[in-house]
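Read through the structure below, which is laid out as structure tokens, and then see the notes.
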Amino acid sequence: MARTKAVLFDMAGTVVSMGIFDDHQGAVAGEFARILGLDESQNEMIAGAFTGRGPANATQKSFLQDFYLFREVFAVRYAKAAIELGFKLTRSDTAMLSDMWWKGCVSRFQELGLHGGGLRIGAIDTLSTLRESGFNIGLVSNLDEGDFQDFLSVDGFASYFDFHLSSEAAQSCKPDAAIFGIALEQAGCTADEVIFVGDTPTQDIDGAAAAGMQTVLIHDESKPETREMESTHKPDHEIDELPELLELVRGL
């Protein structure tokens, strides 16, 4: 087995806390309801439309493509949610809601910062220790480039990585092979010299394993269903929090 030279990370749910994204759902749902002229008594119906079969299917179909823009996926999601309720949103409405979602997530990350809950437990110490130990550290995210850069600009977040790659910059979304190939080029390593850490089996683990990397699945305790996702590859290792990675790489 080749010596490990690089550790690559997914961003949302792996390094950045998923709470950043979950906390903003209510505000967007409220604006969605306002546009449609719905009131608080219909909150349950609104919530059902946001998680209902139609919008979920529209989103999942997008995720089966090799490349997609997340702002467009979310715009489709809101359009489908409105249709579920018997309404029709304009393109400007769906684009505004998508923009509100992503800007709100970035704002929440800015509000919490790297040391106030914006990152998963032990993220900064883990990243710093890995770099000090000589590993090349990369961030590989399924995210539109503008939003990705907004996250990276918070409190010097970008400085903890040797390189960062978004799906829009790669024109490829995990688990598509192209984004992993570009990540390997930027890391300056062969696949067997790389560990990939992610929280989504069907995107992070399947894609990285297919590329020939060692894989580490990090569990999100608030979303235990990720453990049950059907994926093609079993992760090489599983952890609950990022600091566990330090002991793991010492043995590789």
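In the stretch 46-62 there is no residue matching the filter, namely being small (Gly, Ala, Ser), surrounded by 18 or more Cβ atoms within 10 Å (Cβ to Cβ) and at pLDDT 95 or above. Exactly one residue among GLU230, GLU247, GLU221 is at pLDDT below 95, outside any helix (DSSP H, G or I) and more than 16 Å from the chain's Cα centre (by Cα), and that residue is GLU230. Of all residues in the stretch 151-171, those satisfying the criterion of being over 14 Å from the mean Cα position of the chain (by Cα) and small (Gly, Ala, Ser) are SER153, GLY156, ALA158, SER159, ALA169, ALA170.
The values are calculated or read from the model by the stated rules, or taken from the named source; none is laboratory data. Everything numeric in this text was worked out from a predicted model, so none of it was measured. Quick reminder, even Gly has a Cβ in these numbers, built from the backbone with ideal geometry, and neighbours come from all protein chains shown.
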